[in-house]
Amino acid sequence: MNIIDISDIYKIYKLEKVEVVALRGANLKISSGEFIAIMGPSGSGKSTLMNILGCLDTPDSGRYLLENTDVSKLNDNQLADIRNKKIGFVFQTFNLLSRSNSVQNIELPLIYSKKSQIKNRREKIHESIRAVGLTGWERHKPSELSGGQRQRVAIARALVNDPAIILADEPTGNLDSVTGEEIMAIFQKLNRSGKTILVVTHELDIARHTNRIIYLKDGLIFKEEKVQNPIDAEETLKTMPRLEDKVPVH
């Protein structure tokens, strides 16, 4: 089943008297449970595509079906509802609230959705924390966490509403190679559990952890590649020197 189906998507930005065509007739189908990388040079349209897929922006023309709902015609409130219920976001810069601890950051989507009672909310939060290997760091603020731990908080926040899709924009861009591999191991584990995951990256090594690579250039999807033997992050980590984080004693 196609969880995402975009047809002939155009997006044009007007900068003073100049028109910039960010997407020019993009077509893409993504099946439920796929793990996909989106690659392309700067200005290729990959960020615009990600924003449209994440319902952060709308196309000027074309059709976008998300779980058979035509979201290209929805208003801002409807798009916000779709974002909160169906999509989890992970960003390169983490986008965490600096004065809030891990639990409080992870809890935010649940507060906005207003659909979880307090007891159920706590269960969801701790389930997400366990899924990303962050047990023991619940009460720490972002400034007390490493870059990899901050990204784990961001992934747990993306997971907490049990979204249909996780969109990750350069999720390893600010991390060293070992930590980046740890993050990809988490994504692979989530994908094996059934999550549909899209990763925007400029690193081919990162893209080769996925099952399919979509290449963009000049606003067009010009090539797709099925990854025959995806890199297994857990196996790669066994060969990499690493310093284990110590769980704090309370």
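Any read-out appearing in this document is the output of simple, stated calculations on the displayed coordinates, not a laboratory observation. From a predicted model like this one, the values you see are computed outputs, not experimental measurements. Cβ sites come from the backbone with ideal geometry, for glycine too, and all protein chains shown count toward neighbours.
Output the pairs from K86/K226; K14/K86; K46/K223; K189/K223 with a Cα-Cα distance over 20 Å in this structure; if there are none, say none.
Working: K86/K226 26 Å; K14/K86 30 Å; K46/K223 13 Å; K189/K223 27 Å.
With Cα atoms farther than 20 Å apart: K86/K226; K14/K86; K189/K223.
From the P(r) of segment 43-152, can you give the percent of Cα pairs sitting at distances over 20 Å?
Numbers: 3052 of 5995 pairs.
Summing the P(r) of segment 43-152 above 20 Å gives 51 percent of all pairs.
Starting with the highest mean, order 76-85, 155-164, 210-219 by the number of other Cβ atoms within 10 Å, averaged over the residues of each peptide.
Numbers: 76-85: 14.8, 155-164: 22.6, 210-219: 19.7.
Per-residue Cβ counts within 10 Å, averaged per peptide and sorted highest first, yield 155-164, 210-219, 76-85.
Could you give me the percent of Cα pairs per 10 Å distance bin for the chain, shortest bin first, beginning at zero and ending with the bin that holds the maximum distance?
Binned Cα distances yield the sequence 7, 30, 35, 21, 6, 0.
For K11, list the aspartates and glutamates whose Cα falls under 20 Å from its own Cα; do not include residues on the same chain fewer than 8 positions away.
Straight-line reach from K11, under 20 Å: E19, D57, D60, D70, D76, D169, D218.
Over segment 1-59, how many percent of alpha carbon pairs lie in each 5 Å bin up to the one with the longest distance?
4, 16, 26, 27, 16, 6, 3, 2, 0
Would you mind calculating the gained length between E138 and E19 on full extension (0.36 nm times residue separation, minus the Cα-Cα distance), in nm to one decimal? If you can, show how the numbers build up before the last one.
Details: separation 119, 0.36 × 119 = 42.84 nm, distance 4.67 nm.
Residue separation times 0.36 nm, minus the Cα-Cα distance, leaves 38.2 nm.
Need one number: nm distance between label points at L237 and R63, each 7 Å from Cα along Cα→Cβ, rounded to one decimal.
A separation of 4.2 nm, rounded to one decimal place.
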